[in-house]
Amino acid sequence: MSVAEGTGKIVARLNGEALFSWSGNLSRLQKNFVMNLTTAKTLGLAVQQSSVTFHRATLKASRGLAAFPPKTSPSPAARKPGDGDLLAGLGAGGNSGWEAFNGGAFVRATEDGRAVVRSLPNRGSGDLGAYLSGRNFSEGTIEVELQGSSRPGGSFVGVVFHGVDGETYDSVYFRPFNFGHRDSVRRGHAVQYMSHPDWRWDKLRSQRPEEFENPARSEPGPDDWFKAKIEVRGKRVRVYVNDASAPCLDV
């Protein structure tokens, strides 16, 4: 890609062979709202409705632009959570201790002075996430802080455990857009347990309604951070929200 006085040229090659080229005013390029970069004025790689592994990307300097990455670029192990980098090792055999499934992608960031991990919009299939690799979990307590959004049907956040892969796992997740909803039915669909692939949420709702989902007690706002504690003891799972003394879900 070369840039000069508001115009640009893009050439795409595969194994050295040109696939297409484009040149013109940069204002004609359309921004895809689901592929926003975490840092402005940076370049990124993306795919849509497909599964692709990028093994190497090279950006050559043009018209005096600095080469990327710079030779002094820190290694992934040396980078801090606020650097905005993709979590090292997610789906790439790295040593971060995380292994993505179903196309899940995450980025570290600093927001309001705290280190967070954000999921990135993507076109993977199924539930998207990452396992903490090298750990065995049978029973115990899982504590997390989560943030979803109030966008209806657009925010599902939680944890998976007893997982084998992207299809077989137990899960507790939240629908923040239903927190405090004025519709009591919608409000009752705020906290969900399911066991993939045999007992998905829709099968549980149709065959055993109101047994494996409940409202969230001590309800946070739909766009707020909230605490979740999940106790797994044998065949029993209890879910607490925001330090509540009683579980909002006990199955």
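The values are calculated or read from the model by the stated rules, or taken from the named source; none is laboratory data. As the structure is a computational prediction, the values presented were derived from the model and not from experiment. All Cβ positions, even for glycine, are placed from backbone atoms using ideal geometry, and neighbour counts span all protein chains on display. The area values use the complete protein model at the heavy-atom level, side chains included, leaving out ligands, DNA and RNA. Shrake-Rupley method; radii C 1.70, N 1.55, O 1.52, S 1.80 Å.
Values as computed for the structure displayed
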{"item": "The listed residue being among the basic types (Lys, Arg), more than 20 Å from residue 104 (Cβ to Cβ) and either in a loop (DSSP other than H, G, I, E, B) or open to solvent by less than 40 Å² (accessible area, probe 1.4 Å) (or both), out of 186, 182", "result": "182"}
{"item": "Verdict on residue 105 being at pLDDT 75 or above, farther than 27 Å from residue 12 by Cα, open to solvent by less than 60 Å² (accessible area, probe 1.4 Å) and among the hydrophobic types (A, V, I, L, M, F, W, C)", "result": "no"}
{"item": "Test for residue 164: is it exposed (fewer than 13 other Cβ atoms within 10 Å of the Cβ), of a type in the set (Val, Ile, Thr) and at pLDDT below 95", "result": "yes"}
{"item": "Residue count, segment 114-143 (criterion: surrounded by 13 or more Cβ atoms within 10 Å (Cβ to Cβ) and among the basic types (Lys, Arg))", "result": "2"}
{"item": "Residues of segment 215-250 that turn out to be touching an Asp or Glu at 6+ places or on another chain (Cβ under 8 Å), closer than 20 Å to residue 185 by Cβ and open to solvent by 40 Å² or more (accessible area, probe 1.4 Å), as a count", "result": "0"}
